[in-house]
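The values are calculated or read from the model by the stated rules, or taken from the named source; none is laboratory data. Keep in mind it's a predicted model, so treat the numbers as computed, not measured. Ligands, DNA and RNA are excluded from the accessible area calculation, which covers all protein heavy atoms including side chains. Shrake-Rupley method; radii C 1.70, N 1.55, O 1.52, S 1.80 Å.
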Amino acid sequence: MLGLSADVAVHRVPIKKECKPIQQKLRRMRPDVAVKIREDVRKQFDAGFLQVVNYSKWVANVVLILKKDGKMRMTVDYRDLNKASPKNNFPLPHIDTLVDNTEIEVYFDDMIAKSQTEKEHIQVLRKLFLRLKKFQLKLNPTKCTFGARSGKLLGFIVSKKRIEVDPNKVKAIQKLPPPRTQKEVRVFLGRLNYIARFIS
């Protein structure tokens with residue numbers, strides 16, 4: 001990240017010893033998509049986010065995805081790399097504990113500053129802005145919201161009154177067809193066991 005020293009934060013992807021590097025075959029793409037990807041790559045080079053690596057052991061295709069706001073986002077197909085990376089056995093903390101115990105939440109490139117009173121909120125924001133300034137980090141004004149009485153956090157709607165499940169997350173579960181075969185029942189039970197890790 002531009003401005004953030006490697007002395008502060010460096011992320012390295014751990015790889016299982018038994019996994020060999022995979023080089024994906026280059027996928028063909030429409031000319032207009034190729035132009036958009038070239039523009040995005042150039043912007044990231046100019047910003048110092050990317051650098052040239054010769055003879056990389058891992059090679060993955062670039063993919064454009066449609067965001068909720070209608071814009072396109074450039075991503076990389078890291079499915080092979082994800083499979084080769086050990087899984088984190090520690091589930092996320094329970095949402096109520098997370099909300100009660102901290103002031104500022106940070107998840108990769110998202111930050112949420114929360115407080116009980118307006119006076120406290122100003123103090124929390126001042127602390128956050130000073131920290132950002134110290135490490136020369138910048139905020140995207142189009143993604144900033146101030147004074148929100150409620151908001152989304154890890155698939156939940158958090159407000160002063162209560163914490164409730166985001167209805168958009170529930171839709172996917174509600175629309176799941178009932179299992180009809182033994183294999184489908186096993187898959188369904190596997191999903192339930194996974195979800196149970198996040199429920200107190």
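Numbers at a glance
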item: Average silhouette area of the range 1-72, convex hull of alpha-carbon atoms, in square nanometres; result: 7.4
item: Filter on Lys87/Lys143; Lys119/Lys160; Lys36/Lys133; Lys68/Lys161; Lys43/Lys83 - keep pairs with C-alpha separation over 21 Å; result: Lys87/Lys143; Lys36/Lys133; Lys68/Lys161; Lys43/Lys83
item: Whole-percent carbon and sulfur share, accessible surface of the chain, 1.4 Å; result: 57
item: Per residue value of the accessible surface for the chain (all protein chains in place, 1.4 Å probe), Å²; result: 88
item: In Å, descending, principal axis extents of the Cα set of the range 132-200; result: 56, 30, 25
item: Heavy-atom SASA rank of Val165, Val52, Val41 (probe 1.4 Å, accessible area, largest first); result: Val52, Val165, Val41
